[in-house]
Amino acid sequence: MLKKMKVKVGVIGLGFMGSAHVRVYSRLEGCELVGICDSAASKKYLAEKYGCKFFERFSDLLKEDLDAISICTPTSTHKEVALEALEMNKDILVEKPLATNVEDADRIIKRAKKSGLLAVGFIERFNPAVKKLRETVDFDDIYSTVSMRFGPGSERIRDVGVLLDLGSHEIDILRYLTKAEPEVLYSYVSNNSESKFENYAYISLKYGQLHSHIETSWLPKYKLRCANLYGNKKFYSVNFAQQKINCYRAPPKIEIKYGNWEDILWLSRNVSEEISVSPAEPLELELNCFVESVREGEVLDPLCSGQDGLEVLTIIERALDRSK
């Protein structure tokens, strides 16, 4: 059976991520960008720029001849949009998180099993630094990780807290790298705004033998996406935003006789090296994998499945319950 030459796609929601989806789809060879949708008519310029149809109602876009849809609307609308898209037999990629709660995510997954492919947009899975970690690091030798994901709060995010928005990335990255389901050991969240959702969160998780600390916040004015991985022999420092990894290890052994200052300095010295990472745009890699998944009829690695997205939500709900 011959495969379709072009996968016909559409995008619902044209905010920061949705407009990026439109840009990437427009240049992917394996797909045809048919139409885009947003309730704000001011977004019509994107359709003119990329040569596709524009709709203000997603139900009208779903009537088009489409194979797949990217859903980039606010999280609180994911269930409604995803269920209707699946009802129209469209394969879907839902930007993370899959839904605002486990119950809604479960409904989407059950509906997808009847009529369509479901993927969740955890973009860090396609970060070349994450790929290199998977190729380079033996996680059986890692006993602890510390992850920090900070950035100014966005006015566009009003329906979830920072743990679901930012922390979900770190939880999914570690699930993907360790291939283990974590236990929630400790959780603390706080909020100093008028919103009902937290803008700072710290959680402690246990992935098998690995103890993980994850800190997220919308309070800092700077953006930080980094993690440290601690092993008995090596220590890795990762900057996800810059796609860089540094590895540190102990210096060669020497005989310490007198405990002088030079000996003390030598003992505290680390031998470091930068691990080569080939930079690339994660979103382009992710959407290309989604298009290929639609073509093949199954979620291809490393694309996040609906079940994986559900597991992340389950962990976050446990963490939020523990913080009360």
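The values are calculated or read from the model by the stated rules, or taken from the named source; none is laboratory data. No experiment lies behind these values; they were computed from the predicted model shown. Cβ atoms come from the backbone with ideal geometry, glycine included; neighbour counts cover every protein chain shown.
Filter the stretch 183-222 down to residues that are closer than 16 Å to Asp321 by Cα and surrounded by 23 or more Cβ atoms within 10 Å (Cβ to Cβ), then give me how many there are.
Number of matching residues: 4.
How many residues does the stretch 85-96 contain that are touching a Lys or Arg at 6+ places or on another chain (Cβ under 9 Å) and closer than 16 Å to Arg57 by Cβ?
Adding up the residues that qualify gives 2.
How many residues does the stretch 120-162 hold that are in contact with a Gly (Cβ under 9 Å, 6 or more places away or on another chain) and hydrophobic (A, V, I, L, M, F, W, C)?
Result for the stretch 120-162: 6.
Among the strands (runs of 3 or more DSSP E) confined wholly to the stretch 1-62, which include 1 or more residues that are of a type in the set (Phe, Trp, Tyr)?
Strands (runs of 3 or more DSSP E) meeting the threshold: 53-55.
State yes or no: is Lys90 among the charged types (D, E, K, R) and closer than 24 Å to Ser19 by Cβ? First the steps, then the outcome.
Details: among the charged types (D, E, K, R): yes; closer than 24 Å to Ser19 by Cβ: yes.
Answer is yes for this residue.
Do we find that Arg295 is surrounded by fewer than 16 Cβ atoms within 10 Å (Cβ to Cβ) and over 22 Å from the mean Cα position of the chain (by Cα) in this structure?
No.
Taking the condition of being farther than 19 Å from Thr178 by Cβ and in a helix (DSSP H, G or I), how many residues in the stretch 296-324 meet it?
Residues that pass the stated criteria total 6.
Hey, among Ile275, Ile264, which residue is outside the structural domain of Asp91 (by TED's automatic domain parsing), touching a residue at least 12 places away in the same chain (Cβ under 8 Å) and more than 26 Å from Tyr202 (Cβ to Cβ)?
Answer to the check: Ile275.
Would it be correct to say that Lys234 is charged (D, E, K, R) and either in contact with a Cys (Cβ under 8 Å, 6 or more places away or on another chain) or outside the structural domain of Thr178 (by TED's automatic domain parsing) (or both)? If you could, list the steps in order and put the result at the bottom.
On the way: charged (D, E, K, R): yes; either in contact with a Cys (Cβ under 8 Å, 6 or more places away or on another chain) or outside the structural domain of Thr178 (by TED's automatic domain parsing) (or both): yes.
Yes.
Scan the stretch 1-25 for residues that are among the small types (Gly, Ala, Ser) and under 19 Å from Lys90 (Cα atoms) and jot them down.
Quick first cut of the stretch 1-25, residues among the small types (Gly, Ala, Ser) only: 10, 13, 15, 18-20.
Matches in the stretch 1-25: Gly10, Gly13, Gly18.
Taking the options Gly51, Gly30, Gly13, name whichever one is of a type outside the set (A, V, I, L, M, F, W, C) and in contact with a Cys (Cβ under 9 Å, 6 or more places away or on another chain).
On the way: Gly51 fails: in contact with a Cys (Cβ under 9 Å, 6 or more places away or on another chain); Gly30 fails: in contact with a Cys (Cβ under 9 Å, 6 or more places away or on another chain).
On inspection, the qualifying residue turns out to be Gly13.
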